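Peer 1: Attaching a single structure in structure tokens format; questions to follow.
The values are calculated or read from the model by the stated rules, or taken from the named source; none is laboratory data. Source: prediction; values computed, not measured. Glycine gets a Cβ as well: all are built from the backbone with ideal geometry, and neighbour counts include every protein chain shown. These accessible areas exclude ligands, DNA and RNA; they are computed on the full protein's heavy atoms, side chains included. Shrake-Rupley method; radii C 1.70, N 1.55, O 1.52, S 1.80 Å.
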Amino acid sequence: YNFTNCDFEKIKQKYQKTIYDDLKEYMNGTRSTQFNSTVSCNNRADCLAAIERLTFRPPRGCASLAGEAFALRTDATFTLQCPGYSSAQIHNTQAAKKRKKREVTTNKCLEQVSQLLGLWGRFCRTFRKQ
Amino acid sequence: GGRIWGVLQVQIIWFNFETVQVTWNASEYPGTNLTFLYRFDSGDTYDQCTNYILQHDLTAGCTLDAEQDEILYFSIENGTHPLLTQSHWISYYLKPGSPRDLSFLWQQEAVTVTCPDLLYDGFLYEVQHRSTFDTSWQSQEEETCNVTIEGLDTEKCYCFRARVKTTESSYGPDAYPSDWSEVTCWHGGQPTDLCPDKLLHPKFTRFIL
């Protein structure tokens with residue numbers, strides 16, 4: 001999916017109002033700077049694509065993040081602010097929603113979420129003063 | 001604030017979107033010239049530092065030109081043996097420049113302090129003020145460099161200073177606030193070099209006989 005036509009300003013506001021707190025809560029006191037930053041992005045669409053990839057396709061050693069609060073909110077935000085974005089087709093998010101039980105937070109998952117914080121931060125830093 | 005990774009205490013500072021300074025405390029390796037290798041793209045090969053910071057004639061840091069918001073990949077080595085290999089967004093260690101060109105607009109008992117905003121979002125502009133009767137600075141901050149402070153007593157002399165702070169959602173928890181701007185003082189809506197010593201409040205006047 002190409003994120004070029006999303007409403008970036010609204011996505012940034014949603015991130016700063018809610019998704020950021022969800023990500024911090026998931027980190028549960030672990031500082032994101034405790035992990036190496038390994039995933040980079042350069043512009044808004046690029047950052048959102050990387051965020052979507054890391055949110056819904058976690059690495060080996062981290063079962064799933066899709067059912068976490070930040071993922072559900074990210075999914076809802078993309079669905080609302082990105083024309084033609086439909087998560088159900090893209091990564092079967094419905095299955096994740098049914099799994100109410102919270103996944104085990106492994107160190108691999110913490111590292112993944114610290115990468116997400118890096119990508120979301122980079123996304124926010126693309127916004128210049130009006 | 002430095003961070004301890006492995007046996008080396010490393011501090012990273014990205015000065016005002018211009019240069020990155022990485023310094024290390026190599027007390028564990030006395031008399032050793034450690035080597036600093038770096039790159040800004042994970043696909044590139046490492047380059048060695050060309051601008052070392054020396055302490056007692058031994059390498060203690062490296063200064064790099066860096067104007068892009070990127071991930072810094074670096075390795076600090078003893079000979080060819082890597083002691084520490086890390087990669088971090090340099091924005092996580094940004095220290096913005098102090099606010100400049102502050103201007104003050106007085107209107108009765110309020111003043112609006114403005115200055116040029118930095119190019120990007122994600123900052124807070126903090127203005128502090130105090131009168132000669134205040135024991136500490138009082139703070140106010142906004143998302144743009146346009147801060148109005150109300151409830152000021154036109155009879156009193158006030159001093160002001162400002163700085164830029166990063167927001168955690170954009171710059172992470174370890175970024176630095178800027179240094180404070182110069183202090184500027186005002187009395188009766190006019191600039192003054194400094195505020196006169198505290199005028200004894202009539203109630204506390206003491207008479208020496």
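Peer 1: Using each residue's phi in the stretch B:18-27, evaluate 6.51 cos²θ - 1.76 cosθ + 1.60 at θ = phi - 60° and report the 3J(HN,Hα) Karplus result to the nearest Hz, with x for Gly and Pro.
Peer 2: 10, 10, 9, 10, 10, 10, 9, 10, 9, 4
Peer 1: Need one number for the protein assembly as shown: average projected area of the convex hull over its C-alpha atoms, nm².
Peer 2: On the way: hull surface 101.1 nm².
With the hull built on Cα positions only, its mean projection is 25.3 nm².
Peer 1: Then there's this: Average partner chain C-beta neighbours within 10 Å, per residue of B:181-194? Spell out each step's value before the answer.
Peer 2: Values: counts 0, 0, 0, 0, 0, 0, 0, 0, 0, 0, 0, 0, 0, 0.
Average per residue, whole number: 0.
Peer 1: Next up: Shielding of B:168-178 by partners, i.e. mean partner chain Cβ atoms within 10 Å per residue? Write out the running numbers ahead of the final one.
Peer 2: On the way: counts 5, 13, 12, 3, 8, 5, 3, 2, 0, 0, 0.
Across the residues of B:168-178, the mean count of other-chain Cβ atoms within 10 Å is 5.
Peer 1: Work out from phi, with θ = phi - 60° and the Karplus expression 6.51 cos²θ - 1.76 cosθ + 1.60, the ³J(HN,Hα) of each residue of the stretch A:49-60, listed in order in whole Hz, and give x for Gly and Pro.
Peer 2: 5, 5, 4, 5, 4, 6, 6, 10, 10, x, x, 4
Peer 1: Take the solvent-accessible surface of the protein heavy atoms, probe 1.4 Å, and return the percent of it on chain B that carbon and sulfur atoms account for. Don't skip to the answer; put the middle values down first.
Peer 2: Working: 5480 of 11550 Å².
That share works out to 47 percent.
Peer 1: Quick one: which residues, 5 or more positions from A:K129 or on another chain, have an amide H under 5 Å from its amide H? H modelled 1.01 Å from N in the peptide plane, none for Pro or chain starts.
Peer 2: Hits under the 5 Å cutoff: B:Y120, B:D121.
Peer 1: Which residues of the stretch A:25-42 end up with at least 20 Å² less accessible area in the presence of all protein chains than when their chain stands alone, using a 1.4 Å probe?
Peer 2: Those are A:R31, A:S32, A:T33, A:Q34, A:N36, A:S37, A:T38, A:S40, which lose 20 Å² or more relative to the chain on its own.
Peer 1: Across 5 Å bins from 0, what is the distribution of all Cα-Cα pair distances for the stretch B:113-193, in whole percents?
Peer 2: Result, from short to long distances: 3, 14, 23, 23, 16, 10, 6, 3, 0 percent.
Peer 1: Quick one: buried accessible area between A and B, total over both chains, 1.4 angstrom probe, nearest 100 Å²? Walk me through the numbers on the way to the answer.
Peer 2: Values: alone 7630 and 12700 Å², together 17970 Å².
Its buried surface, counting both partners, is about 2400 Å².
Peer 1: State the answer as a single residue: which of B:I71, B:F160, B:T135 lies farthest towards the positive end of the charge dipole of the protein assembly as shown, with beta carbon charges of +1 for Lys and Arg and -1 for Asp and Glu, about the Cα centre.
Peer 2: Farthest along the dipole direction, towards plus: B:I71.
Peer 1: Moving on to the next point. Under Stokes-Einstein, with the Kirkwood radius over Cα pairs standing in for Rh, what whole-number D in µm²/s applies to chain B at 37 °C and 0.692 mPa s? Could the numbers behind the result be given before it?
Peer 2: Details: Rh = 20.2 Å.
Translational diffusion coefficient: 163 µm²/s.
Peer 1: Find the accessible area per residue for chain B; the probe is 1.4 Å, ligands and nucleic acids are left out, and the unit is Å².
Peer 2: Solvent-accessible surface per residue comes out at 55 Å².
Peer 1: Show me, bin by bin at 5 Å from 0, the whole-percent P(r) of the stretch B:42-95 based on Cα pairs.
Peer 2: Distribution as computed: 4, 14, 24, 29, 18, 8, 2 percent.
Peer 1: Just check chain A against the gyration tensor rule for me: Cα atoms, a ≥ b ≥ c as the square roots of the eigenvalues, rounded for a/c under 1.5, and otherwise prolate or oblate depending on whether a/b exceeds b/c. Before the final figure, lay out the partial values.
Peer 2: Details: a/c = 1.68, a/b = 1.16, b/c = 1.45.
Oblate.
Peer 1: Report the label-to-label distance for B:D134 and A:K129 in nanometres (one decimal), using points 7 Å from each Cα along the Cα→Cβ vector.
Peer 2: Using points 7 Å along Cα→Cβ, the separation is 2.3 nm.
Peer 1: Please calculate how many Å² of accessible area the stretch A:1-94 carries per residue, with a 1.4 Å probe and no DNA, RNA or ligand atoms counted.
Peer 2: Details: 4560 Å² over 94 residues.
Here the per-residue accessible area is 48 Å².
Peer 1: Between B:H56 and B:E182, what length comes free when the chain is fully extended (0.36 nm per residue of separation minus the Cα-Cα distance, one decimal in nm)?
Peer 2: Values: separation 126, 0.36 × 126 = 45.36 nm, distance 3.32 nm.
So the chain would gain 42.0 nm between B:H56 and B:E182.
Peer 1: What nm distance separates the two modelled labels at B:D153 and B:Q48, each placed 7 Å from Cα along Cα→Cβ?
Peer 2: Placing both labels 7 Å beyond Cα along the Cβ direction yields 6.5 nm.
Peer 1: Within 10 Å of each Cβ of B:86-98, how many other protein chain Cβ atoms are there on average? Don't jump to the answer; show the numbers that get you there.
Peer 2: Details: counts 4, 5, 7, 10, 1, 6, 7, 1, 1, 0, 0, 0, 0.
Other-chain Cβ atoms within 10 Å of each residue's Cβ, averaged: 3.
Peer 1: Using all Cα-Cα distances in the stretch B:79-146, what percent lands in each 10 angstrom bin from 0 up to the longest?
Peer 2: 14, 35, 23, 12, 10, 4, 1
Peer 1: Sticking with this one: If you roll a 1.4 angstrom probe over the protein chains with everything in place, what fraction of the accessible area of the stretch A:1-68 belongs to carbon and sulfur, to the nearest %?
Peer 2: Values: 1390 of 3340 Å².
On the stretch A:1-68, the fraction of accessible area on carbon and sulfur atoms equals 42 percent.
Peer 1: Taking the Cβ of A:L80 as the center, what net charge do the other residues with Cβ under 11 Å away carry, scoring Lys and Arg +1 and Asp and Glu -1? The partial results should precede the final answer.
Peer 2: Working: positive: A:K10, A:K14, A:R73; negative: A:D7, A:D75.
Residues near A:L80 contribute +1 overall.
Peer 1: What size of dipole, in debye to the nearest 20, comes out for the protein assembly as shown about its Cα centre when the only charges are +1 on Lys and Arg C-beta atoms and -1 on Asp and Glu C-beta atoms? Present the calculation step by step, with values, prior to reporting the outcome.
Peer 2: Numbers: 34 positive and 40 negative charges, 315 e Å.
Computed charge dipole of the protein assembly as shown: roughly 1520 debye.
Peer 1: Assigning unit charges at the beta carbon (Lys, Arg +1; Asp, Glu -1) and nothing else, what dipole magnitude in debye, to the nearest 20, does the stretch A:1-65 show about its Cα centre?
Peer 2: Details: 10 positive and 7 negative charges, 20 e Å.
Here the size comes out at about 100 debye.
Peer 1: Taking the Cα centre of chain B as origin and charging only Cβ (+1 Lys, Arg; -1 Asp, Glu), how large is the dipole, in debye to the nearest 20?
Peer 2: Working: 12 positive and 29 negative charges, 187 e Å.
Its charge dipole is roughly 900 debye.
Peer 1: Show the residues, 5+ positions off or on another chain, whose built amide H is closer than 5 Å to the amide H of B:T19.
Peer 2: The list, which skips near neighbours in sequence, is B:A66.
Peer 1: With n ≥ 4 as the cut-off for DSSP H runs, can you work out [θ] at 222 nm for the protein assembly as shown, using -39500 (n - 2.57) per run divided by the number of residues, rounded to the nearest 500? List each step's numbers first, then the result.
Peer 2: Values: 8 runs with 74 residues, N = 339.
Per the formula, -6000 deg cm²/dmol.
Peer 1: Now for a separate question. Using the Karplus equation 6.51 cos²θ - 1.76 cosθ + 1.60 (θ = phi - 60°), what ³J(HN,Hα) coupling, rounded to whole Hz, does each residue of the stretch A:7-16 give in order, writing x for Gly and Pro?
Peer 2: Rounded to whole hertz, the list is 8, 4, 4, 5, 5, 4, 4, 5, 4, 5.
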